[in-house]
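The values are calculated or read from the model by the stated rules, or taken from the named source; none is laboratory data. Computed from a prediction, not measured in an experiment: that's the story for all the values here. Here the Cβ is made from the backbone with ideal geometry for all residues, glycine too, and neighbour counts use every protein chain on show.
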Amino acid sequence: MSTASAPAPTTAAASCRFCGRPLTRVFVDLGMSPLCESFLAAGELDRMEPFYPLLVRVCDGCFLVQLAEYVRPADIFTDYAYFSSYSTSWLDHARRYVDAMRDRFALGRGSRVVEIASNDGYLLQYFVAKGIPVLGVEPAANVARAAEEKGVPTWVGFFGAESAARLARERGRADLMIGNNVLAQVPDVNDFVEGYRTLLAPEGVATLEFPHLMRLMERNQFDTIYHEHFSYFSFFTAEAIFARHGLALFDVEELPTHGGSLRIYAAHRGSRRAAAPSSRVETMRRMEKGNGVDRIETYSAFPEQVRRVKRDLLKFLIAARERGDSVVGYGAPGKGNTLLNYCGIRTDLLDYTVDRNPHKHGRFLPGTHIPIFPPEKIRETRPRYVFILPWNLKDEIMEQLAYVREWGGRFLVPIPEVREYA
Ligand SMILES: [Zn+2]
């Protein structure tokens, strides 16, 4: 990811990016943090590092949880270092999705599929293999080039109402529009969803996946908050946003990805599909209402949950240090950087971390300056505890690292609560 230039202008009197009301309520304040993907080389450790607020607010009108645009998307996403195809479980997820959509919506050679934030073509490549015409939309030129090399035609730019009108005119409207983990990263959510209305064919279907705010609160996943994620959605709020742009949500699924995500299905109001919603829509509405997503008091419980994790984690790490037990990290995910910076954990409490991605070896975590080594380092140093930062992958990681038990090593997971595993 690129290093950020000047911060985007923000005003103290912020207003909701969906409904425009003044934002007066803090959802959670995680202090100041560097951009979570700005890993440092050894020669950069002495330099000044930009930190931005991670102050999250909730709108008491529409309950959209949101972070101000402290950093411009152009500074984050135009030279993005994240290539989706590096993750095999994400590729499996994509392939299953493509099969399901083709069958359910009878897509074929005469259809048109458009994916927003199509990354390196990790998903569209499976439509291409089935002979279904596709177009990717991707702001990062380097990532889009990788997609083109896979045979996935890709338009380079940010998506919104204006680019949607141009794409509809020049390339035709879409029978299926896809947006996976992009809705959260859009600073102007109204312009983005209006783009969906513009580019979607009259009887077309749009699907979007995003982390589910209700699960984030329930499972204490505050470390999934970072500067790249501007908004956090319940189904309730997402439905209101799409409705305002003439789109009805006619189906919804809960997915295990990212600790609990939603996949929503949208169609034009008045279309055949909008007229026959799945029973899952009503079930979801009822479940969220039962969890209080439409009441502001529900949101005010969150900061204390977050502070409890911080206290429990620090207590654990300090006690381990005082006993002389070594603790090392596993993984260098964005969420780890939010957690470590918020809790103030540096090499005083965590010796180092390891990662399978060779691009991160020899580098340091932003803000905390914890060094990143290849996973073999764990076998060399035989730590008492391995602290799993990507807790959403804990089962897979504990299996990979089963050998730490040879010397009595144990695992530590921070979320939803601090917990030790033998
Ligand atoms: Zn609002």
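Values for this structure:
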item: Region 135-166: number of residues that are assigned to a helix (DSSP H, G or I) and of a type in the set (Gly, Ala, Ser); result: 8
item: Any hit, region 402-414, residues being closer than 16 Å to residue 336 by Cα, crowded, with 21+ Cβ neighbours inside 10 Å and modelled with pLDDT of 95 or more; result: yes
item: Tally, over region 21-64, of residues that are over 19 Å from residue 185 (Cβ atoms), within 16 Å of the ligand (Cβ to nearest atom) and among the aromatic types (Phe, Trp, Tyr); result: 1
item: Among (1) without any contact (Cβ under 8 Å) to a residue 60 or more places away in the chain; (2) within 29 Å of residue 127 (Cα to Cα), the one test that residue 196 misses; result: (1)
item: Residue in region 387-407 that is free of Cβ contacts under 8 Å to residues at least 12 places away in the same chain and more than 24 Å from residue 260 (Cα to Cα) present; result: yes
item: Meets criteria (out of contact with any Gly (no Cβ under 9 Å at 6 or more places or on another chain), at pLDDT below 80 and either within 16 Å of the ligand (Cβ to nearest atom) or of a type in the set (Ser, Thr, Tyr) (or both)) for residue 80; result: yes
item: Single unsatisfied condition, residue 184 versus (1) modelled with pLDDT of 95 or more; (2) in contact with a strand residue (DSSP E or B) (Cβ under 6 Å, 6 or more places away or on another chain); (3) not in a strand (DSSP E or B); (4) not acidic (Asp, Glu); result: (1)
item: Qualifying position, being surrounded by 18 or more Cβ atoms within 10 Å (Cβ to Cβ) and among the hydroxyl-bearing types (Ser, Thr, Tyr), among 352, 421; result: 352
item: In region 228-265, the residues that are away from the ligand (no atom under 16 Å from the Cβ), under 15 Å from residue 192 (Cβ atoms) and in contact with a His (Cβ under 9 Å, 6 or more places away or on another chain); result: 246, 247
item: Residues that are part of a strand (DSSP E or B) and out of contact with any Ser or Thr (no Cβ under 9 Å at 6 or more places or on another chain), drawn from region 116-134; result: 116
item: Wholly within region 194-296, helices (runs of 4 or more DSSP H) carrying at least 1 residues that are closer than 25 Å to residue 168 by Cβ; result: 235-244
